[in-house]
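Every read-out reported here was derived from the displayed coordinates using simple, explicitly stated rules and does not represent laboratory data. This structure is a prediction, so every number in the text was calculated from the model and none was measured. Please note: Cβ atoms are built from the backbone with ideal geometry, for glycine as well, and neighbour counts cover all protein chains shown.
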Amino acid sequence: MSTPLTSVHEKLDQIDKPHPERFSFFSSEKLTTSTASTWHELFPNGSIDQIFQEKIKEKPDPSRPVWWVDVCDASEEDVAQLAQSLSIHPLTAEDISIREPREKVEVFKNYYLISFQTLVDNPKEEEERPGFPHPAEMYILVFQYGVVTFSPSGCQHIKRVRSRIQKMHDPLILSSDWICYALM
């Protein structure tokens, strides 16, 4: 039986360990997903031009590729890196960093934020309460041509939506709003 102090130490140990493939990047240009353990590894050649173009609002172009970045179990440093790269409002970054549980929709100049509670499987709780998922926060930032999601471990939504995208018969209907809709 673990004491509360032991379980806190176990959680801290898990946070400090590098998590393989916590970052993923999907592009409709190639219909592929690449994964990495850090933000910088995700774009080894610095080829993130299509994401940085989000800072400039322009007339929608349906032929432009759609991108999607997912960060699983984001740390404060992860959130800070993305906030700086994508001009994310400091209050949005704070909500994500502290895992603000309040569900909301907020509109900003270059994106909108949707945060909500989802249910995830927790292998540690499976032993104590088998078959009972637990609530976790999920954050979706929707840009004109892309989406950034901050998802918790055990969240199967990301995998299911990627699978739906791969099965799409007409990739021209894929948009950042469509990805957001599919995630909810």
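Some notes on this structure:
- Charged neighbours of ALA36, selected by a Cβ distance under 10 Å, balance to -1 (K, R count +1; D, E count -1).
- Mean shadow area of the range 82-184, taken as a quarter of the surface of its Cα convex hull (nm²): 7.6 nm²
- Counted charge near GLU103, where neighbours are those whose Cβ lies closer than 13 Å (Asp, Glu -1; Lys, Arg +1): -1
- Relative to one another, the C-alpha centroids of the range 76-99 and the range 150-180 are positioned 22 Å apart.
- Ranked by the mean number of other Cβ atoms within 10 Å of their residues, highest first, the peptides 151-160, 101-110, 29-38 fall in the order 151-160, 29-38, 101-110.
- Ranked packing of 111-118, 163-170, most packed first, by mean Cβ within 10 Å: 111-118, 163-170
- For PRO171, net neighbour charge (Lys/Arg +1, Asp/Glu -1) across residues whose Cβ lies under 12 Å away: +1
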